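Undergrad: Sharing a structure, written as structure tokens. Questions coming.
Bear in mind that the values in this text are calculations on the coordinates, not laboratory data. Just so it is clear, the model here is predicted, and its values are computed rather than measured. In this analysis, Cβ positions are derived from the backbone assuming ideal geometry, glycine residues included, and neighbour counts consider all displayed protein chains.
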Amino acid sequence: MRTHVGIVGAGPAGLFLAEFLRQAGIDCVVLEARDREYVQQRVRAGVLEQGSIDAMRQLGVDARMNELGLEHHGFELLWGGRRLRIDMSELCGRSITVYGQQEVVKDLIDRRLEVGEPLLFEASDVQLHDVDSDAPRITFTHDGTAQELQCDFIAGCDGFHGISRPTVPEGVLQTFERVYPFAWLGILAHAAPSNEELIYANTDRGFALYSMRSPTVTRLYLQVAPDEDIAQWSDDRIWSELRTRLRTDDGFAPNEGEIFEKGITPMRSFVTEPMQWGRLFLAGDAAHIVPPTGAKGMNVAIADVQNLSEALIAHYRDTDDAQLVGYTERCLRKIWRVEHFSWFMTSMMHRPPDQDPFAAKLQRSQLDYLATSHAARVSLAENYAGLPRT
Ligand code: RFL
Ligand code: PHB
């Protein structure tokens, strides 16, 4: 088999890239380790920033998002029993849309299969070869048959635990990392949201996040220990902890209902530089991770592949490789802004187990500053709503 671009991974990065390239007349083959059902059911992100909405619209895969997505003009911070609303539309003229990552993934998979372009699920033993030559190859097994895909370029869109990044020889990549001393326990519940917007809560018992997926489904998170045993969290215990952490002086309480999904997510900041080696280009979680407090991971994955598709289009259409050469530099401008913002939101809202009184006072001062300073709120709003690619 031969193609222009071999794409490893059918998460948001791989699927967006495939559709951007297809619409520009560039062939690609997408190889995905998991089955279709698994990929479409995997519960993850929920917040799309404007650039990601625009990408869905540009590709014409926005029909269900327009119907089911929930546009939010603001979000709330909660501490000391009081809520502060950050009015993004007023502060920076932008909004976000709550639309589950698995819906985005489903829309893109549907499109790819509708147009009959190759997307191979359950591709096993995927390996990259001759990546630093002009003729890179991917070998894999599909339907019990060993296969080889010859490509011009390979896009490593296979997430943090994929095989693309480890293919790069030692010494080429530099990594930057922070691991946080806490994790998130996330649930989905059949309960109508009792607040229209997201609430990020900083409490003595740790962080909590109130979010939603639809008019009948609430998404909630609790800060827990990194090695937390989920078996210790009965539904009753989860609701009781959520009630306590999300309590406000004005009487807000989450509606409760049947919990139908439960999981624990570790928290990490991670960047690898450069994001390319030879003819391999890394994109999305394969190259960088942010803690989910800023709601940025999927958005920055989409921004990466917008950059990569523009670079590949310039290569094929104009025989101009300047953008391919500059891919890492362009991506990293947005990534480091997002890394800083995600670290900042995480640090401001969580209670590390070893927090000393000095750190607690700084945290409180930062929150009070937001309550009293328009400039501080503008900065928070524009980062949360997402800064444009440059
Ligand atoms: P993905 O989604 O991990 O997709 C990678 C794909 O590659 C496949 N794969 C392989 N395929 C072939 N061969 C191999 N050897 C392979 N190894 C792996 C995998 O099966 C998978 O299908 O990476 P991608 O595309 O870069 O997308 C990144 C996003 O998924 C991620 O950043 C976000 O989910 C992060 N995130 C959030 N991002 C946001 O923008 N807004 C949010 O509100 C938000 N909330 C979250 C989040 C992530 C969370 N978790 C669970 C990590 C909330 C949570 C709880
Ligand atoms: C979600 O709804 O899953 C969600 C929302 C905001 C975040 C992270 C996750 O910061």
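Undergrad: Please give me the summed charge of the neighbours of T244: other residues whose Cβ is under 12 Å from its Cβ, Lys and Arg +1, Asp and Glu -1.
TA: In short, +3.
Undergrad: Sum up the charges of everything whose Cβ sits under 9 Å from the Cβ of T139, counting Lys and Arg as +1 and Asp and Glu as -1, but leave T139 out.
TA: Surrounding charge for T139 is -1.
Undergrad: Sticking with this structure for a sec: With unit charges on the beta carbons (Lys and Arg positive, Asp and Glu negative) and the dipole taken about the Cα centre of the chain, which residue among P292, S240, L173 sits farthest to the positive side?
TA: Most positive-ward Cα: S240.
Undergrad: Note down the magnitude of the dipole of the range 88-150 about its Cα centre, charges +1 on Lys and Arg C-beta and -1 on Asp and Glu C-beta and zero elsewhere, to the nearest 20 debye.
TA: My answer is approximately 280 debye.
Undergrad: Return a whole-number percent for the relative contact order of the range 11-124, with Cα pairs under 8 Å and 6 or more residues apart as the contact set.
TA: 41
Undergrad: I've got another one for you. What is the sum of charges around V290, taking Lys and Arg as +1, Asp and Glu as -1, for the other residues whose C-beta is under 12 Å from the C-beta of V290?
TA: +2
Undergrad: What order do you get for 210-216, 223-229, 255-261 when each peptide is scored by the mean count of other beta carbon atoms within 10 Å, highest first?
TA: The densest-packed peptide leads the list: 210-216, 223-229, 255-261.
Undergrad: Can you give the % of DSSP beta bridges in the chain that are antiparallel, to the nearest 5?
TA: So the antiparallel bridges in the chain amount to around 75 percent.
Undergrad: Quote the charge dipole size of the range 106-198 about the Cα centre in Debye, to the nearest 20; the model charges only the Cβ of Lys and Arg (+1) and of Asp and Glu (-1).
TA: Result for the range 106-198 is approximately 300 debye, rounded to the nearest 20.
Undergrad: Could you calculate, for the chain, the ratio of the Cα radius of gyration to the Kirkwood radius, expressed as Rg to Rh?
TA: On the Cα set of the chain, Rg over Rh gives 0.98.
Undergrad: Suppose every K and R has +1 on its Cβ and every D and E has -1 on its Cβ; what is the size of the dipole of the range 25-65 about the Cα centre, in Debye to the nearest 20?
TA: 160
Undergrad: Quick one: check the C-alpha center-to-center distance for the range 275-303 versus the range 313-345, whole angstrom.
TA: 10
Undergrad: Still on this model: Tell me, what is the percent relative contact order of the chain, built from C-alpha pairs under 8 Å that lie six or more residues apart?
TA: Once normalised by length, the contact order is 20 percent.
Undergrad: Divide by every residue of the chain the summed helix terms, -39500 (n - 2.57) for each DSSP H run of at least 4, and state the resulting mean residue ellipticity at 222 nm, rounded to the nearest 500 deg cm²/dmol.
TA: Only helices count here, giving -11500 deg cm²/dmol.
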